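A short worksheet on the structure shown next.
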Amino acid sequence: MSQFEKYHPILTPHYAFDWLTKVRVVDVFNLYQTTDTTVTMAATADRINQVMREIFNDRQLIWGVTDRTTNDFCGQVGFAPIDMAAHQATLTVQLTDANHDVAPLTEILERLVAFGTVELKLQQLKLALSQPDSLMGQVLTALGFTTTDNLNFDYQAS
């Protein structure tokens, strides 16, 4: 069994992180469409399968996020790639527009940072934004991330 295979579901007070195969493909497709309008349903299914292969080969750890009350799909988050030997990973966070707010971002990112540093024993986390996002920057800074350009954020575990 893969080391990462056991890491689901991960719970926060309001959200559940579980495999992308547990959410509707159309929901993931709609999320991917927000950044790539050329993506197809078939390509989305292939991408989900590829993500799962990477998880089961201990190369990344990606979850679909759902609201624990409504079961609505909220986005996709995780660590991709992960270098367990070097104790570092890159965070990936892609939330639906409805969840791009301080409270959801804070709760989800707090859980990712805690999981990465406590459970996975990661010492360094990185997150790269494709464009400046003041709300994301505010939340990351409040969680202890540093940046020099408001695009690339670094977290060093203490």
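What to note about this one:
- In this structure, Gly137 does not qualify as more than 20 Å from Phe17 (Cα to Cα), over 16 Å from the mean Cα position of the chain (by Cα) and surrounded by 13 or more Cβ atoms within 10 Å (Cβ to Cβ).
- Test result for Leu91, in contact with a Cys (Cβ under 7 Å, 6 or more places away or on another chain) and either of a type in the set (Asp, Glu) or under 21 Å from Thr12 (Cα atoms) (or both): no
- Of the residues making up the stretch 8-56, those that are part of a loop (DSSP other than H, G, I, E, B) and within 21 Å of Asp72 (Cα to Cα) are His8, Pro9, Thr12, Pro13, His14, Trp19, Val23, Arg24, Thr34, Thr35.
- Single residue of the stretch 74-92 satisfying the filter (out of contact with any Lys or Arg (no Cβ under 9 Å at 6 or more places or on another chain) and in a loop (DSSP other than H, G, I, E, B)) that is surrounded by the most Cβ atoms within 10 Å (Cβ to Cβ): Ala86
- Any hit, the stretch 42-61, residues being in contact (Cβ under 8 Å) with a residue 12 or more places away in the chain, surrounded by fewer than 13 Cβ atoms within 10 Å (Cβ to Cβ), over 23 Å from Gly116 (Cβ atoms) and out of contact with any Gly (no Cβ under 6 Å at 6 or more places or on another chain): no
Quick grid of which residues meet (1) under 22 Å from Asp27 (Cα atoms); (2) touching a helix residue (DSSP H, G or I) at 6+ places or on another chain (Cβ under 9 Å):
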site: Gln76; (1), (2): yes, yes
site: Ala80; (1), (2): yes, yes
site: Asp83; (1), (2): no, no
site: Asp101; (1), (2): yes, yes
site: Ile108; (1), (2): yes, yes
site: Phe115; (1), (2): no, no
site: Gln123; (1), (2): no, yes
site: Lys126; (1), (2): no, no
site: Asn150; (1), (2): no, yes
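None of the figures in this text is laboratory data; all of them are computed from the coordinates on show. Computed from a predicted structure; not experimentally measured. Glycine also receives a Cβ, built like all others from the backbone with ideal geometry; neighbour counts cover every protein chain displayed.
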